[in-house]
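Each remark here refers to the structure printed beneath this line.
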Amino acid sequence: MLKMHNIRKSYRTDTIETHALRDFSLEVNEGEFVSVTGPSGSGKTTFLNIAGLLETPTGGQYLLDGQEVGNLSDRDRSRLRNEKIGFIFQGFNLIPDLNLFDNIDVPLRYRGFNAKERRRRIEKSLEQVGLSARAKHLPAQLSGGQQQRVAIARALAGEPRFLLADEPTGNLDSLMARQVMELLEFINEWGTTIVMVTHDPDLARRAQRNIQIVDGQVSDLRQSIAQPEIASA
Amino acid sequence: MIGYYISLAIRSLRGTPILSALMIAAIAVGVGASMTVLTLNYMMSQNALEHKDKVLYAVQLDSWDPNQAADTANEIPWQLTYPDAVALLRSDIPTRQVAMHRFGFTVNLDESDMRPFTANTRVTTRDFFSLFDVPFEYGGTWNKEADSAAVQSVVLSKETNEKLFGGENSVGKVVQLNGEPFTVVGVLKHWNPSPKIYDLNNNPFADSEELYIPFGLHRKYEIYSWGNTNGWTSSAPEGAEGYERFLLGEHVWIQFWVELDSAEQKEAYEQFLTGYIREQKEQGRFERPLKFALSHPSEWLVLNEVLGNDNRVLGWASLAFLLVCVVNAVALLLAKFLRKAPEAGVRRALGASRNAIFTQHLIESSCIGVLGGLLGIILALAGLTGIRALAMGQVDQIATMNWEMMLAAVGLAIFASILAGLYPAWRISRTNPSVYLKTQ
């Protein structure tokens, strides 16, 4: 599903060059649920941005669903992102002046679906996250957990094969976090590949596989999440 | 997607009403000011004879002072002397030819309670109506004899006919002009070209005349001119006294136009004019080097500087002011769009390409432009109303906005707002979405 080989990413200012990822290699199989952990500044988010085609690597090779994406135009990358990738963010990133229906409608508009198809998908995804009755509410009228469920519904509406979650429970209390995690596991059971960045060792442990990033590199590719030292990392 | 972008733009404008109002006002003030000036310039530069521009010519002959050229753009008097006009009328080369000037008559009706009134009158040869394509409601022009003999016929403008006869067919009826009976031979449809290209000497933006009478009436009624009667010498043919002295003197007061339908016809007419001037030189007139001019209507407008340099400068100044407004709008749009950068980041993450973000924001700019344009039209109409009031009726004809100019105002506003929106829209479409996704 996702294959990165010797990916490099560096940010350059006038005086400093920062290497966010160095010779980063990783393979995620179809249907996997992978958690990504690592200290702050280790490159987790950079990895997620590159995986989600929001940033381009400085070097290396990235295959998404068997397709080399390094040389794609912005338009093709946007189309691929729209069709194959769903995003869930720590801060939910809902558009505040759009109601839930219109928020979920955003990626479907760029996909070019007709109104009937968009409505069907929006209603289905809202139902999946249990918020059908709130379709006309604004995000500010919902709790944090509910907002994250809307963000998940938005990601699901396009039926992506690949879901990228950047600390999806970071802004939630433990009860909400557990509900969101259960929802993600449920989505994974349907066959959606999930890569989740998290600081929470308990959540990381619930993934099928954990990778740890340290100083822009994968420190241990096949380490089992069940091992206690990962949890403490 | 365009409909979606428009709905997003409307939502965005509602979301920031004060900022949006400021941007709309910036565009509106710029458009209003520039359209006020541009409308005046546009109306001033209209050529009502554009469709006949290739075949009509204003005729000028240089009969002026041998020691000093006439004070005109081409150093030839704008108008002709009466004897020259009468002599040129004898030529059978032009398809049509018109000698004319402006005058005034007191009008009243027999057995009517209507108070007499003074009417602007054009004293002209019969070809005036066909040469300038003046449309008739009833009747037509007078007979050819009336161009040289005293025939008391009159053609009424539509407005005069309404005033005198309630708009009914008045052909054959009699009106009193300066107490003398004149028979109505024709009534015009509404006709009021602006600028009044056939007579630019007497306020190019004045209304057309209310009456038209034959050129052959000069001697009978001692018709002078309600216009410019410049002369460079008071000399006149021996024995000419009084009105005859004025008529035969070197005053220039007759406007002269010809219609020449082909190059051969024009060449023949030029030869005719050359021959006429040589003949006059032999008689002691036309002491300056042989010079005449045949100007198309479009050239005539330029020569007479109907749209003067001051107007042009004012036009450019108004566009510069619009540019200042656009620069202000750029700053406001930049502030507005960058404030919405996180939303653009989310949209990028959800599949919007840079072009999609760029288009979305450019359409928002265009919506501001449409609203600014509509408000700008209102401001321009107010500006033109103010100018009309200040000019006390002198520019009523040109200080009006037609549909073309209203559409141009909206077009200008959209152009200005797109211009203003280009950079902000480009900036927001190029921002790195990941920056906002993490920090939102």
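Which shape class, rounded, prolate or oblate, goes with region A:160-215 when its Cα gyration tensor gives a ≥ b ≥ c as root eigenvalues, a/c under 1.5 marks rounded, and past that a/b bigger than b/c marks prolate? Before the final figure, lay out the partial values.
On the way: a/c = 1.69, a/b = 1.05, b/c = 1.61.
The shape class here is oblate.
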Check: So how many Lys-Lys pairs in chain A land under 20 Å Cα to Cα, not counting same-chain pairs under 8 apart?
Finding: 7
Next item on the list: With +1 on each Lys and Arg Cβ and -1 on each Asp and Glu Cβ, and nothing else charged, work out how big the dipole of chain B is about its Cα centre, in Debye to the nearest 20.
Entry: 3480 debye
Checklist line | Segment A:THR15-A:GLU185, extension gain: residue separation times 0.36 nm, minus the distance between their alpha carbons | finding: 56.8 nm
Notebook entry, point to check: Too long at a 23 Å Cα-Cα cut-off: which of B:LYS52/B:LYS173; B:LYS144/B:LYS196; B:LYS52/B:LYS196?
Noted result: B:LYS52/B:LYS173; B:LYS144/B:LYS196
Notebook entry, point to check: Taking B:LYS220 as the anchor, which aspartates and glutamates have their alpha carbon closer than 14 Å to its alpha carbon, excluding any fewer than eight residues away along the same chain?
Noted result: B:ASP147, B:GLU180, B:GLU244
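Set the Förster distance to 30 Å, then compute FRET efficiency between B:ASP133 and B:SER235 from the Cβ-Cβ distance, nearest 0.05. List each step's numbers first, then the result.
Numbers: r = 39 Å, r/R0 = 1.31.
The computed FRET efficiency comes out at 0.15.
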Item checked: Tilt relative to chain A, helix A:144-157 - C-alpha long axis, 0 to 90 degrees, to 10 -> 90 degrees
Next item on the list: Would you kindly find the accessible area of B:ASP71, with a 1.4 Å probe and non-protein molecules such as ligands, DNA and RNA excluded, rounding to the nearest 10 Å²?
Entry: 150 Å²
Notebook entry, point to check: How many nm separate the modelled label positions at A:ARG120 and B:GLU305, each set 7 Å beyond the Cα in the direction of the Cβ?
Noted result: 7.4 nm
Notebook entry, point to check: In degrees from 0 to 90, rounded to the nearest 10, what is the angle of the helix B:2-15 Cα long axis to the longest principal axis of chain B?
Noted result: 80 degrees
Notebook entry, point to check: How many nm is it between the label spots at B:LEU319 and B:SER148, if each spot is 7 Å from the Cα in line with the beta carbon?
Noted result: 5.2 nm
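From the helices alone, meaning DSSP H stretches of at least four residues, give me the mean residue ellipticity at 222 nm for chain B, per-run term -39500 (n - 2.57), in deg cm²/dmol to the nearest 500.
For chain B, the value works out to -16000 deg cm²/dmol.
Shape of region B:103-224 from its Cα gyration tensor (a ≥ b ≥ c, root eigenvalues): rounded if a/c is under 1.5, otherwise prolate when a/b > b/c, or oblate? Can you show the working numbers first?
Working: a/c = 1.31, a/b = 1.15, b/c = 1.14.
Note, shape of region B:103-224 comes out rounded.
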Next item on the list: Name the residues whose placed amide hydrogens come within less than 5 Å of the amide hydrogen of B:ASN230, ignoring near sequence neighbours (fewer than 5 apart) on the same chain.
Entry: B:VAL252
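Which FRET efficiency value, to the nearest 0.05, do you get for B:GLN283 and B:THR183 by plugging their Cβ-Cβ distance into 1/(1 + (r/R0)^6) with R0 = 35 Å? Intermediate values should be presented prior to the final figure.
Working: r = 39 Å, r/R0 = 1.11.
Working from the Cβ atoms, E equals 0.35.
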Check: Using a simple charge model, +1 on the beta-carbon of Lys and Arg, -1 on the beta-carbon of Asp and Glu, nothing else, what dipole does region B:222-283 show about its Cα centre, in debye to the nearest 20?
Finding: 200 debye
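Calculated FRET efficiency, B:ILE10 and B:THR72, Cβ-Cβ r, R0 56 Å, to nearest 0.05?
Once rounded, the FRET efficiency stands at 0.45.
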Next item on the list: Starting from the Cα of B:LYS340, draw a straight line to each of the lysines and keep only those under 16 Å, dropping any in the same chain fewer than 8 residues away.
Entry: B:LYS438
Check: Roughly how many Å is it from the Cα centre of region B:123-142 to that of region A:104-164, as a whole number?
Finding: 75 Å
Note to self: Compute a Gaussian network model of chain B, connecting alpha carbons closer than 10 Å, and tell me which residue from B:ALA85, B:ALA352, B:ALA389 fluctuates the most.
What the structure shows: B:ALA352
Check: If you place +1 on the Cβ of every Lys and Arg and -1 on the Cβ of every Asp and Glu, how big does the dipole about the Cα centre of the protein assembly as shown come out, in debye to the nearest 20?
Finding: 3640 debye
Margin query: Nearest 10 degrees is fine. How inclined is helix B:403-430 to the longest principal axis of chain B, computing both from alpha carbons?
Written below: 30 degrees
Notebook entry, point to check: What is the list of residues in region B:65-101 whose amide nitrogen lies under 14 Å from a point 7 angstrom out from the Cα of B:PHE272, following Cα to Cβ?
Noted result: B:85-99
Check: What shape does region B:2-55 take by its C-alpha gyration tensor, where a ≥ b ≥ c are the square roots of the eigenvalues and a/c under 1.5 counts as rounded, a/b above b/c as prolate, and the rest as oblate?
Finding: oblate
Check: Just how far, in whole angstrom, is region B:1-75 from region B:144-205 if you go by their alpha carbon centroids?
Finding: 33 Å
Check: Taking a label point 7 Å from the Cα of B:GLN176 along the Cα→Cβ vector, which residues of region B:106-137 have an amide N closer than 15 Å to it?
Finding: B:106-119
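The values are calculated or read from the model by the stated rules, or taken from the named source; none is laboratory data. What you see is a predicted model; the values in this text were computed from it and never measured. Every residue, glycine among them, receives a Cβ derived from its backbone with ideal geometry; neighbour counts consider all protein chains shown. When the accessible area is computed, the model is the full protein with side chains, heavy atoms only, and any ligands, DNA or RNA have been set aside. Shrake-Rupley method; radii C 1.70, N 1.55, O 1.52, S 1.80 Å.
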